[in-house]
Amino acid sequence: MGKQERRAYLEAIRARYRRARKTGKTAILNEFCAVCGYHRKYALRLLRTPGKCSKVSVRKPGPASRYAVHELVEALRTIWMASDQLCSKRLRAALPLWLPHYETSFKPLSAETRASLGIISAATIDRLLKPLRATLGKKGLSGTKPGTLLKKHIPIQTGVWDVTQPGFIEADTVAHCGDSLAGDFVWSLTMTDICTGWTECRATWNKGAAGVMTQIKAIQQALPSPVRGFDCDNGSEFLNWHLLRYFQNHEQSIKFTRSRPYHSNDNAHVEQKNWSCVRQLFGYDRLADAKMVALMNDVYAHEFSLLTNFFCPTLKLASKAREGSKWVRKHSKPVTPAQRLINHPDQPQNIRDELTARMKTLNPFLLQREIQRKLKAIFKLLR
């Protein structure tokens, strides 16, 4: 057999060799060596090297994926986008809450797809969503200006709170300033219950003491549990006489504490909400129109609060121990803030029944659709 014939023969069997399984490849290799007289290793190199004109799709080794179904990936992508791109562990816990509403809002799923979504792992979700992952945006500016006058009156929080009970709150503000902190613009106030993860946000024009206290009172009315403790950073919007007198003269005793200066991780429960609750919703644009405050509060107080607290599971630290030079942290299974309240043994039964009944009336896809409609009206004011 001449050189041209051997080359033509190689091109004829190369594609078949690359598609074959192990036993098939062995038979083709034996035949190729016998016909052309090549050494086995040299024949392997020829068969494994792609031809100049051949564009053969190489089969990935291992068993075929049982999750690479268009219907499954489409449902997963839709829920992931509607839930504001939850991480895979939280999304895995959210699927049982979202799937019934997906079938009523979009289309019914086959029994096979429904079963696969019921047992899918977080790692598989990561692999399926990898091509769709959004790139992270730029970081915002810090707008915390230290308030020094009342530091001696407001003690530093040293971990004495009973955080197994709802009502102990961490608070923080986020500046919607764009690239400059100069001038007037909207601020977002975020308050998070440490025990349950229940989060409420409100917008205020600038961060004067009166405006911030007005929104704190509004959030107090919206929280399902009475406030027992209030912890904040050292910003002047919190460390002022207005707020101190309000907590001191409150009909129910409210402990008012602050974090250590320049230790943002002291307020870790609320700091993590700056991205997941505020930046995810309004981004990093400069919101410099006072008309936006009422529109933003309409979103925060209604659809966004319901979506976040009833349909977005959160992780909670279960244990933390040092092993050698490493800290080993273990988290409990992701659960929504509403579910934590319902399952809390000290929660009044009427609150549990009210939350359970409210959850049955909600559809997360309709909430997300209404949020997007209201956001369009807000961002029209930027033009």
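Screening residue 136 with (1) over 27 Å from residue 19 (Cβ atoms); (2) surrounded by 12 or more Cβ atoms within 10 Å (Cβ to Cβ); (3) modelled with pLDDT under 85 gives one miss only, at (2).
Residues in segment 1-42 that are within 30 Å of residue 63 (Cβ to Cβ), open to solvent by less than 100 Å² (accessible area, probe 1.4 Å) and among the basic types (Lys, Arg): 3 in all.
Out of 322, 245, 286, I need the residue that is in contact with a Cys (Cβ under 8 Å, 6 or more places away or on another chain), open to solvent by 50 Å² or more (accessible area, probe 1.4 Å) and modelled with pLDDT of 85 or more. Which one? Answer to the check: 286.
Kindly indicate the residue of segment 289-319 that is in contact (Cβ under 8 Å) with a residue 60 or more places away in the chain and not in a helix (DSSP H, G or I) and also surrounded by the fewest Cβ atoms within 10 Å (Cβ to Cβ) among those meeting that condition. In this case the residue turns out to be 291. Considering only residues of segment 236-267 that are in contact (Cβ under 8 Å) with a residue 24 or more places away in the chain and closer than 29 Å to residue 86 by Cβ, which is farthest from the chain's Cα centre (by Cα)? Among those that are in contact (Cβ under 8 Å) with a residue 24 or more places away in the chain and closer than 29 Å to residue 86 by Cβ, it is 259.
The set of residues in segment 120-133 that are open to solvent by 20 Å² or more (accessible area, probe 1.4 Å) and either charged (D, E, K, R) or modelled with pLDDT of 90 or more (or both) comprises 121, 122, 123, 126, 127, 130, 133.
So that you can scan it fast, the table gives a plain yes or no per residue for (1) modelled with pLDDT under 90; (2) in contact with a Phe, Trp or Tyr (Cβ under 9 Å, 6 or more places away or on another chain); (3) of a type outside the set (A, V, I, L, M):
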site	(1), (2), (3)
194	no, yes, no
200	no, yes, yes
205	no, yes, yes
209	yes, yes, no
220	no, no, yes
233	yes, no, yes
258	yes, yes, yes
269	yes, no, yes
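Restricting to segment 78-89, name every residue that is over 15 Å from residue 364 (Cβ atoms) and assigned to a helix (DSSP H, G or I). Passing the criteria: 88, 89.
The values are calculated or read from the model by the stated rules, or taken from the named source; none is laboratory data. Note that the coordinates shown come from a computational prediction; the quantities given were computed from them, not determined experimentally. With ideal geometry, Cβ positions are generated from the backbone for all residues, glycine too; neighbour counts draw on all protein chains shown. For the accessible areas, the whole protein counts, side chains as well, though only heavy atoms, and no ligand, DNA or RNA atoms are used. Shrake-Rupley method; radii C 1.70, N 1.55, O 1.52, S 1.80 Å.
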